[in-house]
Amino acid sequence: MSVYGPVVKIHPVVLSSICDSYERRNEGASRVIGTLLGTIEKHSIEVTNCFSVPHNESEDEVAVDMEFAKNMYELHKRVSPTEVIIGWYATGFDITEHSVLIHEYYSREATNPIHLTMDTALQSGKMNIRAYVSAQMGVPGKTVGVMFTPLTVKYVYYDTERIGVDLLMRSRVTPNRTKGLTSDLSQVGCSAARVQDMLTTVLAYIEDVLAGKVAADNSVGRFLMDLVNKVPTISAEDFENMLNSNINCISSSLPLLIYSLRSVLFSALWHTHYRKHLI
């Protein structure tokens, strides 16, 4: 984890695209590279898309098809004009000498670009996704080098991406590594089960605080109070009526179910005796 620079937030579609480009790499190629696209905020960089860029690499030299990269970016801007070039990626575990040369090119396309590495060959047993930013080092007027400083990486997703990620996670436990889409009713059940698991974790923490096993955290208490205040209080009778009237529309029933679970459990516990112990 880094103590310097912005936080890099990566979406699942980016990681999937990098893996796909690595699987489709040319014969004999040891790694693939590509352009990272996304948005830049004050304290974070969000990577939302990417595309691979053809290149040839040997021990002595590296050649990148820069014209292809420019044309791809121009085409992409027509579809997603808000996404800009924020850096580049490379598969592999280490930063090589050629990485410095490629990074110089992207430094002309973006201000202080990031470099993302992803060990698709699983040399260390996992993907080891890391992000870096470059900084010059050396004596002014003398030899100057480049140092890559690691950045903090976090994984974020849109609601639509979460559906795909959950489906991929479920395919890990099937013998043929495939999994079909579940029915709407099954999705409601799974979502309700996840909410129940999260509530169980929160309630277990509160019980530990009340029992003196864990010290009370003011920030957690304020967060829970804010959550309870945002959830509409729905009586059991009103909820049952709304659920029955919307039973044919699962998408409408799911939010009501989640709101009800949170409202009944959180509000009842909070306003009785938990609140004074956590705030």
Listed by chain and number, the aspartates and glutamates with an alpha carbon less than 15 angstrom from that of K126, same-chain partners under 8 positions apart left out, are D94
Averaged per residue, the 1.4 Å probe accessible area of the range 183-231, protein heavy atoms only, in Å², is roughly 63
With a 31 Å threshold on alpha-carbon distance, the violating pairs from K42/K213; K42/K70; K70/K154 are K42/K213
If the chain between M147 and E237 were fully extended at 0.36 nm per residue, the gain over the current Cα-Cα distance would be 26.1 nm
accessible surface per residue for the range 7-159, probe 1.4 Å, DNA/RNA/ligands not counted, whole Å² -> 58
Excluding ligands, DNA and RNA, the carbon-plus-sulfur percentage of the accessible area of the range 44-113 with a 1.4 Å probe reads 48
Per the C-alpha gyration tensor (a ≥ b ≥ c, the square roots of its eigenvalues), the range 183-231 is rounded if a/c is under 1.5, else prolate if a/b beats b/c, else oblate; here it's oblate
Heads up, the range 7-159 by the C-alpha gyration tensor (a ≥ b ≥ c square roots of eigenvalues; a/c under 1.5 rounded, else a/b over b/c prolate, else oblate) looks rounded
Rounded to a whole %, the carbon-and-sulfur portion of the accessible area of the range 183-231 at a 1.4 Å probe is 57
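The values are calculated or read from the model by the stated rules, or taken from the named source; none is laboratory data. The structure presented is a predicted model; accordingly, all values stated were derived computationally and were not measured. Note: accessible area is taken over every heavy atom of the protein model, side chains too, but ligands, DNA and RNA are not part of it. Shrake-Rupley method; radii C 1.70, N 1.55, O 1.52, S 1.80 Å.
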